[in-house]
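The values are calculated or read from the model by the stated rules, or taken from the named source; none is laboratory data. Every value quoted in this text rests on a predicted model; they were computed, and no experiment measured them. Cβ sites come from the backbone with ideal geometry, for glycine too, and all protein chains shown count toward neighbours.
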Amino acid sequence: MPLNLLVRTSILSSKWRNMWKSIWAYGTALDLGVEFTSGQTPEEFVTTVNRYLQLHKAKEIQIFRFSFLPCNQSDAEKWVEFAAAKRVKELHIDFKQHVPYKFLNSIFDCDCITHLNLSGGDFRLASNFKGFTYLKTLHLSDFGVTDALFEVMLSNCPLLEELSLRSCHDLTRVKVSAPDLPLKRLTVFKCCNVNEIMIFAPNLRSFHFDGSFIDTSMSFKNISSLVDVFVNGTSGDFYRRGRDWITVLHHLKHVKILTLCNASLKHVYCGQYSRIHDLPITFHNLQELQLLVDRSARCFLLYTYSFFKKCPSPYLEKLFIELSYTNVDDISGMRAIDNRAMGICLKIETPDITFHHLKVIKINGFRGLHDELYLVKFFLEKSIVLEKLVLVAHPKGLNTLFRKKNVLGYLRRRVLLLANVSSSTAHISICEYSDDRSLAPVHDEVYHDKK
């Protein structure tokens, strides 16, 4: 229980007035997070923390969580030294809302630590740094880590299983070349200066990347254990990097869970006319696919068709499509896209493929535009064992496009008409936007977290 909530129990009964002190004194999870810091001046914060830490009597603690208000460097160091002296196992330190701090040697004295989460700080390696022998999880967010520091830390954490790098803007290269490292999860999110990712990790099971460009040079070697991959970004030069990205997809063809963005779909589409030998790519093990699609793209439908033609997934069971509407929120803009899409749709020939195992389809951001309806018709006709189709309305509603009283009813009739034409027996539901995640992709948390 966070400390501020623990203290509040004293008002429930006079007999409970000092009970929280004994609980705190021998507690193994000390939470001085965001809730604890709220409503305090920096001076009050430092005084309160010092007083409560003096009350603690246990020899060891499992979890120590800090969210600092601006304070002296010496105070911060003293609290980290407290954690080290208590042989802390899991340490969370958050400076990211304030002036970055430079951690000194005290952070390296936590020789028993297994989970380390640092936000908004910086540190220099001590000359006698011997590594975090027992560290299994390392999360760095808004953190000043350089390429050299990253490689030294990685080579000195022999038990590391999970590594997350978020908004680490000093980093330009993520090189994970550790065949003996038990690394299972790697996340690189919004590290805007990273231009090269090299992965040689036979134990890696999960790779998540979100960056400004998927043109980032990526190379994979011995990733046979990789199960799920999330890639989201934009792309600048499709023809310069298209071949490289198709090669990356070729290395990922054995994964079971995959999320790709609009730029990836465009690379595949352009690649089919560029004599790229890696196409087609068959995803033999793929069971769940999520597509993050910029709905304002002219060739949204064309890119989607092209992907399923050039990247067949014979055992696909679940498909999720996230439709975004970048810079297209006005009524006239939506109508222009709808009219333009109608003309394009009539000229696009659907690929001659069949989904033999696809059972569930969910499309978020649905507005009933012509190309969206064509896509629904395509899946209804091509998915011979489809059980459920869920269409979730765009968060801003559907009335920006259709001025009708019963918009959902209108769309439902249009979609059901398509179902009758395709003789589909799937259960079709159309609903307003909500936060219901009852039918959600494996990467749902990752995607919504990044927004």
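For region 254-303, which positions are surrounded by fewer than 22 Cβ atoms within 10 Å (Cβ to Cβ), modelled with pLDDT of 90 or more and of a type in the set (Ser, Thr, Tyr)?
Of everything in region 254-303, just one residue is surrounded by fewer than 22 Cβ atoms within 10 Å (Cβ to Cβ), modelled with pLDDT of 90 or more and of a type in the set (Ser, Thr, Tyr), namely Thr282.
Every residue in region 146-172 that is within 13 Å of Leu118 (Cβ to Cβ) and of a type in the set (A, V, I, L, M), please.
Hits for region 146-172 are Leu149, Met153, Leu163, Leu165.
Among the numbered conditions (1) modelled with pLDDT of 65 or more; (2) surrounded by fewer than 16 Cβ atoms within 10 Å (Cβ to Cβ); (3) under 21 Å from His115 (Cβ atoms), tell me where Asp31 comes up short.
(2)
Looking at (1) modelled with pLDDT of 75 or more; (2) surrounded by 14 or more Cβ atoms within 10 Å (Cβ to Cβ); (3) not aliphatic (A, V, I, L, M), find the lone condition where Tyr433 falls short.
Checking Tyr433 against (1) modelled with pLDDT of 75 or more; (2) surrounded by 14 or more Cβ atoms within 10 Å (Cβ to Cβ); (3) not aliphatic (A, V, I, L, M), the one that fails is (1).
Check off (1) farther than 27 Å from Thr234 by Cα; (2) small (Gly, Ala, Ser); (3) under 21 Å from the mean Cα position of the chain (by Cα) for Ser141 and give me the number that stays unchecked.
Result: Ser141 passes all but (1).
For region 316-340, what are the residues that are at pLDDT 55 or above and either among the small types (Gly, Ala, Ser) or assigned to a strand (DSSP E or B) (or both)?
Selection gives Lys318, Leu319, Phe320, Ile321, Glu322, Leu323, Ser324.
Tell me the residue from Lys57, Lys86 that is closer than 30 Å to Leu149 by Cα, modelled with pLDDT of 80 or more and either over 32 Å from the mean Cα position of the chain (by Cα) or outside the structural domain of Leu163 (by TED's automatic domain parsing) (or both), please.
Values: Lys57 fails: closer than 30 Å to Leu149 by Cα.
Of Lys57, Lys86, the one residue that is closer than 30 Å to Leu149 by Cα, modelled with pLDDT of 80 or more and either over 32 Å from the mean Cα position of the chain (by Cα) or outside the structural domain of Leu163 (by TED's automatic domain parsing) (or both) is Lys86.
Per-residue answers, yes or no, for (1) assigned to a strand (DSSP E or B); (2) without any contact (Cβ under 8 Å) to a residue 60 or more places away in the chain; (3) surrounded by fewer than 16 Cβ atoms within 10 Å (Cβ to Cβ):
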site	(1), (2), (3)
Lys130	no, yes, yes
Leu138	yes, yes, no
Val145	no, yes, no
Leu149	no, yes, no
Leu165	yes, yes, no
Val174	yes, yes, no
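Would region 399-417 turn up any residue that is over 28 Å from His254 (Cβ atoms), under 29 Å from the mean Cα position of the chain (by Cα), modelled with pLDDT of 70 or more and among the hydrophobic types (A, V, I, L, M, F, W, C)? Reasoning before the result, please.
Just the residues of region 399-417 that are over 28 Å from His254 (Cβ atoms), to begin with: 399-417.
Now narrow it down to the ones that are under 29 Å from the mean Cα position of the chain (by Cα): none.
No, because not a single residue in region 399-417 is over 28 Å from His254 (Cβ atoms), under 29 Å from the mean Cα position of the chain (by Cα), modelled with pLDDT of 70 or more and among the hydrophobic types (A, V, I, L, M, F, W, C).
Being modelled with pLDDT of 90 or more, surrounded by 19 or more Cβ atoms within 10 Å (Cβ to Cβ), hydrophobic (A, V, I, L, M, F, W, C) and assigned to a loop (DSSP other than H, G, I, E, B), is that true of even one residue in region 114-123?
No, region 114-123 contains no residue that is modelled with pLDDT of 90 or more, surrounded by 19 or more Cβ atoms within 10 Å (Cβ to Cβ), hydrophobic (A, V, I, L, M, F, W, C) and assigned to a loop (DSSP other than H, G, I, E, B).
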